[in-house]
Amino acid sequence: MTKSQAGQTSEKKLPPQPAMVPIYLGLTWLCPGLGHVLMGDVRRGLILGITIWGLFLSGLLIGGVGVVDSKLNRAWFLGQLSNGPAVVLSVVRAKTMMANPNAKVGSDGYLGTPEVPNDYEPSFGRPNEIGILYTALAGLLNLFIFYDVFDRGIYGYREPQESAEEARA
Amino acid sequence: MINLGELMSVTLAWRPFLDPMPIDRYWLLLIFPLVLAIAVVYKAVKIPQPGLAVMTVQSLKLAGQIVGVLAGAAAVLLFLTEIIGL
């Protein structure tokens with residue numbers, strides 16, 4: 001197996017940057033993967049960013065923008081909350097795409113009526129479930145990335161041997 | 001068999017991101033991209049220097065393991081509920 005196959009190529013080991021951690025975490029929330037890219041770990045950041053964005057956009061494509069709804073799917077929105085674009089989309093949808101933004105959840109006006117439709121079609125059944133699952137999972141995976149950004153920001157990049165020794169100690 | 005005329009009428013009227021996709025018949029297949037994304041993110045965080053070759057192999061391996069465990073759990077549940085009748 002070559003060095004590149006083993007994933008042990010030439011990237012330098014990065015020092016800890018504790019003071020910058022809040023900024024990296026904020027940027028990771030706004031755009032998944034951006035925290036890693038700015039820490040100098042471009043390849044990892046791109047892989048994480050493309051995957052999280054892909055999962056989030058796939059969820060929206062499957063279920064439509066209605067799957068990100070802080071009132072209708074409150075519990076799932078807690079998962080979606082870890083992904084900044086989902087929160088932005090939820091606010092934009094509620095403010096600009098609903099025909100009657102002040103309608104109560106569960107009333108006819110909330111999902112749009114044939115006479116006064118919303119700008120988007122609400123989803124039901126499987127597309128709704130899968131769309132919510134994809135977008136919520138994108139948020140929860142971003143939470144996992146927060147932890148990684150925090151860990152690498154505080155302790156820097158450790159060699160695998162060092163980590164193993166610490167785990168044993 | 002897929003009716004092309006019906007498929008075209010559905011896809012032409014479909015507005016991406018505004019209308020839900022008609023996936024009711026294929027929803028179970030969407031477990032594969034989901035599992036693959038989980039595996040890629042996990043391995044991208046865990047592997048010290050994520051190269052293309054090692055990421056591909058490791059992610060596919062983990063995704064396969066997750067799908068295998070899910071299929072096993074489904075088989076056990078099917079056995080308990082449908083065959084034994086708990």
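Helical runs assigned H by DSSP (4 residues or longer) give chain B a calculated mean residue ellipticity at 222 nm of -21000 deg cm²/dmol, each run adding -39500 (n - 2.57) before division by the residue total. Looking at segment A:49-169, the pairs of alpha carbons with a distance over 20 Å make up 50% of the total.
Length gained on full extension, B:L29 to B:V57: 8.0 nm, using 0.36 nm per residue less the C-alpha separation.
Averaged over the residues of peptide B:34-44, the number of Cβ atoms from other protein chains lying within 10 Å of each residue's Cβ is 6. Its alpha carbons considered, chain B gives a radius of gyration followed by a Dmax of 18.7, 50 Å.
A:S58 exposes around 40 Å² of accessible area when a 1.4 Å probe is run over every protein chain in place. In chain B, Cα pairs under 8 Å separated by at least six residues give a relative contact order of 22 percent. Only lysine pairs 8 or more places apart, or on different chains, with alpha-carbon atoms under 21 angstrom apart are counted in segment A:1-151, and they number 5.
Counting only DSSP H runs of at least 4 residues, each contributing -39500 (n - 2.57), and dividing by the residue count of chain A, the helix-based mean residue ellipticity at 222 nm comes to -18000 deg cm²/dmol. Relative contact order of chain A: 33 percent, from C-alpha pairs under 8 Å at least 6 residues apart in sequence. Rounded to whole numbers, the Karplus 3J(HN,Hα) couplings from phi for segment A:28-37 are 5, 5, 5, 9, x, x, 5, x, 5, 4 Hz, using 6.51 cos²θ - 1.76 cosθ + 1.60 with θ = phi - 60°, and x at Gly and Pro. With the whole protein complex present, B:W27 retains an accessible surface near 80 Å², based on a 1.4 Å probe.
The values are calculated or read from the model by the stated rules, or taken from the named source; none is laboratory data. As the structure is a computational prediction, the values presented were derived from the model and not from experiment. Positions of Cβ are backbone-derived with ideal geometry, glycine not excepted, and every protein chain shown enters the neighbour counts. These accessible areas exclude ligands, DNA and RNA; they are computed on the full protein's heavy atoms, side chains included. Shrake-Rupley method; radii C 1.70, N 1.55, O 1.52, S 1.80 Å.
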